Structure formats: C-alpha cells, structure tokens
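A.B. asks: Quick one: this structure, given as structure tokens, is what I'll be asking you about.
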Amino acid sequence: MALQTCLKCGSKTRKPEAKFCDACGASLTVEQRDSTLAVAKEFISDSAKEATEQFKDAARHPAAKKIAGGAALGGAAGALLPILTVGVGAALVGGLVAYKQLTKK
Ligand SMILES: [Zn+2]
C-alpha cells in the first residue's frame, strides 16, 4: 500500500494503513471517498439542470419538448459514464434530436 496524502493539509502519512492524517487529523478514508462522490453527484445534477434550463427558453417551439427530453436522456445516459461525459452526452443527444426535428418537416 502506498503512502496516503491528506486532502486537507497535503501532508503524507507515515503509515500506509493510517485512517487519519498525522498532521491535521482529517480522515483519509471515508471523507475522501464521500467528498469525491458528493462532487460527482453535484456535477451530474448541475449539468442536468443546466441542460434543462437551456432548453426551457425555447419551450414555445413545438419541437422544443422533444429536444429537452433528448437532452435529459443524454444527461441520464451520461450519468452512467465517467462524470465528465455528462455535458457531452446531453449536448450530443439534444443536438441529434434538434437535427432530426429541423430536417424532418
Ligand atoms: Zn492533514
């Protein structure tokens, strides 16, 4: 096991199995995992909200609901992938639905 680096103060622990930071006492195990998960959750929900808000403005158009639905689907699908792809997924699916609506007529 490698030495762990404290997220709070940046100091390295002397014991690989240490659960708390030698210098500041911060938890090295649970808090690290929880904060990463919290950031990921926040990022996903923020991206989904952002995508929804963007398409709300265009809600008067008949095709807008389908576009917004596509963006939501893309965001949901993106949530299953690494977190950075969420925005890309929403943009891709939203753009695809928009493209279909514009070219169908
Ligand atoms: Zn520390």
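A.B. asks: Restricting attention to region 1-23, report how many residues are part of a loop (DSSP other than H, G, I, E, B) and open to solvent by less than 70 Å² (accessible area, probe 1.4 Å).
C.D. replies: Initial filter on region 1-23 (part of a loop (DSSP other than H, G, I, E, B)): 1-4, 6-11, 13-19, 21-23.
Next cut, open to solvent by less than 70 Å² (accessible area, probe 1.4 Å) only: 4, 6, 9-11, 13, 16, 18, 21.
Of the residues in region 1-23, 9 are part of a loop (DSSP other than H, G, I, E, B) and open to solvent by less than 70 Å² (accessible area, probe 1.4 Å).
Condition check ((1) within 16 Å of the ligand (Cβ to nearest atom); (2) at pLDDT 75 or above; (3) closer than 23 Å to Tyr99 by Cα; (4) in contact with a Cys (Cβ under 7 Å, 6 or more places away or on another chain)) across all residues:
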site	(1), (2), (3), (4)
Met1	no, no, no, no
Ser11	yes, yes, no, yes
Thr36	no, no, no, no
Asp46	no, yes, no, no
Glu53	no, yes, yes, no
Arg60	no, no, yes, no
Ala63	no, yes, yes, no
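The values are calculated or read from the model by the stated rules, or taken from the named source; none is laboratory data. Since the model is a prediction, treat every value here as computed from it, not as a measurement. With ideal geometry, Cβ positions are generated from the backbone for all residues, glycine too; neighbour counts draw on all protein chains shown. Side chains are part of the model used for accessible areas, which takes the heavy atoms of the whole protein and leaves out ligands, DNA and RNA. Shrake-Rupley method; radii C 1.70, N 1.55, O 1.52, S 1.80 Å.
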